[in-house]
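Okay, so here's the structure we're looking at.
The values are calculated or read from the model by the stated rules, or taken from the named source; none is laboratory data. Being a predicted model, the structure only gives us computed values, none of them experimental. Here Cβ is always computed from backbone atoms with ideal geometry, including for glycine, and neighbour counts include all displayed protein chains. Note: areas computed on protein heavy atoms with side chains; ligands, DNA, RNA excluded. Shrake-Rupley method; radii C 1.70, N 1.55, O 1.52, S 1.80 Å.
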Amino acid sequence: MAPTHARAKILWCESTDSTNSELRRRIGELDNLSIVAAKRQTAGRGQGDHTWCSEPGMNLTFSLLLLFSDDAPLNVRDIQEINVYITSVLLEFLRKEGVSAWVKLPNDIWVEDRKICGILIENQLDGHNVASTIVGIGLDLNQCEWPEDLPNPVSLKQLTGKEYPLELTLERISDLCKKNWIDFESRLRAKL
């Protein structure tokens, strides 16, 4: 695993089918909290059979790798802890931007009655424990026009009036992932 003091690896792709699929293809070369991001996804996925719609280069579409160690294992009965971990990261990021958001179960983040973020979690199991998790995230940053069949999207730019650079914004989120991971692992160790 990556040392706790180092910044996690962020791999940017100009285009890929899905960041979850791209991360899965590269999983053997990545450390815990590594991120694969794309400026354009050609087959972005949501929950079930939903697709994720994002204007290329306008929003964050990325996947985060979580690796669980023997000294801080995640039992499948506690799998909802992954949702708690990742939504706390994203809610903290939005709060720092002055946006109050809430979690619409199972994996969406909303601001009032509009969706700003979708999350797709895929777990790989090893017996009764989770070996690794790929967390796909679509966060609407700068897009202001949407397809008509999307009834309720909103972007951070629409809420704050500011433009968000993709790379710097993702680095900020990556840093929050690392900071919150320490508490997350502590909670897992406490269950041993």
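Which FRET efficiency value, to the nearest 0.05, is calculated for residue 179 and residue 29 with the Förster distance at 30 angstrom and r the Cβ-Cβ distance?
E(calc), rounded to 0.05, equals 0.80.
Whole-Å semi-axes of the stretch 57-111's equivalent ellipsoid, largest first, each the root of 5 times a Cα gyration tensor eigenvalue?
25, 14, 11
Multiply the residue gap between residue 191 and residue 40 by 0.36 nm, knock off their C-alpha separation, and tell me the result in nm, one decimal place.
Gain on stretching residue 191 to residue 40: 50.4 nm.
If you build the Cα gyration tensor of the chain and take the root of 5 times each eigenvalue, what three semi-axes come out, in whole angstrom, biggest first?
Here the semi-axes work out to 26, 18, 16 Å.
What distance in nm lies between label points placed 7 Å from Cα along the C-beta direction at residue 97 and residue 148?
Roughly 2.8 nm, to one decimal.
Grab the beta carbon distance between residue 123 and residue 171, set R0 = 30 Å, and tell me the FRET efficiency rounded to 0.05.
Using R0 = 30 Å, I get an efficiency of 0.70.
Could you check how much of the accessible area of the chain is carbon and sulfur, as a whole percent, using a 1.4 Å probe?
Percent of accessible area from carbon and sulfur atoms in the chain: 51.
Once the principal axes of the Cα atoms of the stretch 62-163 are found, what is the range along each, listed largest first in whole angstroms?
Principal axes ranked by extent give 46, 30, 20 Å for the Cα atoms.
Which lysines, if any, have their Cα less than 27 Å from the Cα of residue 39, not counting same-chain residues under 8 positions apart?
Answer for residue 39, where 27 Å is the Cα cut-off: 9, 96, 104, 115, 157, 162, 178, 179, listed by chain and number.
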